[in-house]
Amino acid sequence: MHHILRTGKLLLGNTHKSCYSSFAKMMRAVCVDVPGGPENLLLRTVPRPQPKDGEILIKVHATALNRADLLQRRGLYPPPPGESDIIGLEVAGTVDTLGPGVKTSWKPDDRVMALLCGGGYAEYVAVPEELLMPVPPNLTLCQAAAIPEAWLTAFQLLVFVAQVEEGEVVLAHAGASGVGTAAVQLVRLFGAVPIVTAGTPEKLKMTESLGAAAGFNYREESFAQGVHDFTGGKGANVILDCIGGCNWEQNVSSLATDGRWVLYGTMGGRAVEGDLLGKLLSKRGRLLSSLLRSRSLQYKAELVKAFSHRVLPCFSDQTSSLRPVIDSTFNLEDIAEAHRHMEANKNTGKIVVNVIPQSGETQLQ
């Protein structure tokens, strides 16, 4: 495989014992000097972050890709003010150092996973203690890295925003994505009925294995007609929509009376032309929108707490337990290839990047 990340290798390769003490507080991280394509991702040696009051320094074993990472690389989704400009919204690893004022019972070497505002594409990241979760004992750190952003996003959309109820029908677009695969399983967990859209028969089949009651190939058929047929004309009570503009007419057509259409992305465009408001009004539909990265620490802490209490115990070693779906794993040196893989929409589930490759875990490139 062609490696473009030569910078970091040169820096690491020139390290001598005489400067070991200075490099002991350094780390490898993926940087973007100029916004653009995957080729602009550079692996460098940079200062290791120091945990501030109430923060914990994590030694990162693995991180995972999100669509927001691609936007940030292109200069279209900057981190919130004061946050790391290193890409990466989730990690799994071990506790390295407790910052001053930490109140929780974490201790060094504890296996943890965390939601981030940024900084995940690195060997270390400092995280507010409220955003750490324990890694379920039956999961590897590679698997755990696929949980925080996707599963907390899906949980937030379903519980905090849509307030899904037992027996309701939930339509999840991009059902084979990280958020989609999490949503299907969570909808089942909450006693509701998940249905999905996806772009290939293989992706639809995979969502069915997770519990999707029906799936519609948006490239070959009208998903609105599929939803109408599945629900006997009643429509979906909740729509989880990361597509946006190009789907608005089918979404409104698919929506049940008094339904909730939850917008959390605009992969299909932001512009809307036509009678959106009139048609939505006729359904008494609610158009809700949500982002997670820009939320307050208090909101995220409450989300992590609720998820940890209600969902995390369900990642067990039982046959019916929840599971993160991993499409492929890459090493940190191959981060550009990982981005290309996601941009080509080749992934089913999450793309994980091993910062410290784990024994027994295969590279599925």
Does Gly285 meet the test of being at pLDDT below 95 and closer than 20 Å to Glu168 by Cα?
yes
Flagged in segment 252-309 as hydroxyl-bearing (Ser, Thr, Tyr), open to solvent by 30 Å² or more (accessible area, probe 1.4 Å) and assigned to a helix (DSSP H, G or I), in numbering order, are Ser253, Ser282, Tyr299, Ser308
Go through segment 337-349 and report how many residues are touching a residue at least 60 places away in the same chain (Cβ under 8 Å) and part of a helix (DSSP H, G or I).
6
If you go through segment 43-59, how many residues are of a type in the set (Lys, Arg) and either open to solvent by less than 30 Å² (accessible area, probe 1.4 Å) or free of Cβ contacts under 8 Å to residues at least 60 places away in the same chain (or both)?
1
List every residue pair whose Cβ atoms lie under 6 Å apart, where the two residues are 6 or more positions apart in sequence or sit on different chains, the first residue falls within segment 203-223 and is on the phi > 0 side of the Ramachandran plot, and the second residue, located anywhere, is open to solvent by 80 Å² or more (accessible area, probe 1.4 Å).
Gly211/Arg188
One residue from Ala192, Ala174, Ala126, Ala162 being surrounded by 24 or more Cβ atoms within 10 Å (Cβ to Cβ) and hydrophobic (A, V, I, L, M, F, W, C):
Ala174
Selection within segment 60-77 - within 14 Å of Asp33 (Cα to Cα) and either in contact with a helix residue (DSSP H, G or I) (Cβ under 7 Å, 6 or more places away or on another chain) or in contact (Cβ under 8 Å) with a residue 60 or more places away in the chain (or both)
Arg73
Could you list, ordered by first residue, the pairs with Cβ atoms under 9 Å in which the first is in segment 325-336 and without any contact (Cβ under 8 Å) to a residue 60 or more places away in the chain and part of a strand (DSSP E or B) and the second is of a type in the set (S, T, N, Q) and open to solvent by 10 Å² or more (accessible area, probe 1.4 Å), at least 6 apart or interchain?
Asp327/Asn347; Asp327/Thr348; Ser328/Asn347; Ser328/Gln363; Ser328/Gln365; Phe330/Gln363; Phe330/Gln365; Asn331/Gln363
Count - residues of segment 343-365 that are open to solvent by less than 30 Å² (accessible area, probe 1.4 Å) and modelled with pLDDT under 95
2
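Residues are listed down the side, and each one gets a yes or a no for (1) open to solvent by 10 Å² or more (accessible area, probe 1.4 Å); (2) assigned to a helix (DSSP H, G or I):
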| position | (1), (2) |
| --- | --- |
| Met133 | no, no |
| Gln143 | yes, yes |
| Gln156 | no, yes |
| Glu202 | yes, yes |
| Arg219 | yes, no |
| Gln225 | yes, yes |
| Gly232 | yes, no |
Please state which one of Arg28, Arg74 is over 26 Å from Leu132 (Cβ atoms) and either out of contact with any Phe, Trp or Tyr (no Cβ under 8 Å at 6 or more places or on another chain) or among the aromatic types (Phe, Trp, Tyr) (or both).
Arg74
Specify which of the listed residues (Gly82, Gly119) is in contact (Cβ under 8 Å) with a residue 24 or more places away in the chain and either closer than 29 Å to Glu39 by Cβ or open to solvent by 20 Å² or more (accessible area, probe 1.4 Å) (or both).
Gly119
Could you please let me know if Ser321 is open to solvent by less than 50 Å² (accessible area, probe 1.4 Å) and either at pLDDT below 95 or acidic (Asp, Glu) (or both)?
yes
Is at least one residue of segment 188-198 closer than 28 Å to Gly119 by Cα, assigned to a helix (DSSP H, G or I), touching a Gly at 6+ places or on another chain (Cβ under 7 Å) and not acidic (Asp, Glu)?
no
Residues in segment 161-183: is at least one in a helix (DSSP H, G or I) and under 15 Å from Glu302 (Cα atoms)?
yes
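The values are calculated or read from the model by the stated rules, or taken from the named source; none is laboratory data. What you are looking at is a predicted structure, and each value in this text was computed from that prediction instead of being measured. Cβ: placed from backbone, ideal geometry, glycine included. Neighbour counts: every protein chain shown. In case anyone asks, the SASA skips ligands and DNA or RNA and just uses the protein heavy atoms, side chains included. Shrake-Rupley method; radii C 1.70, N 1.55, O 1.52, S 1.80 Å.
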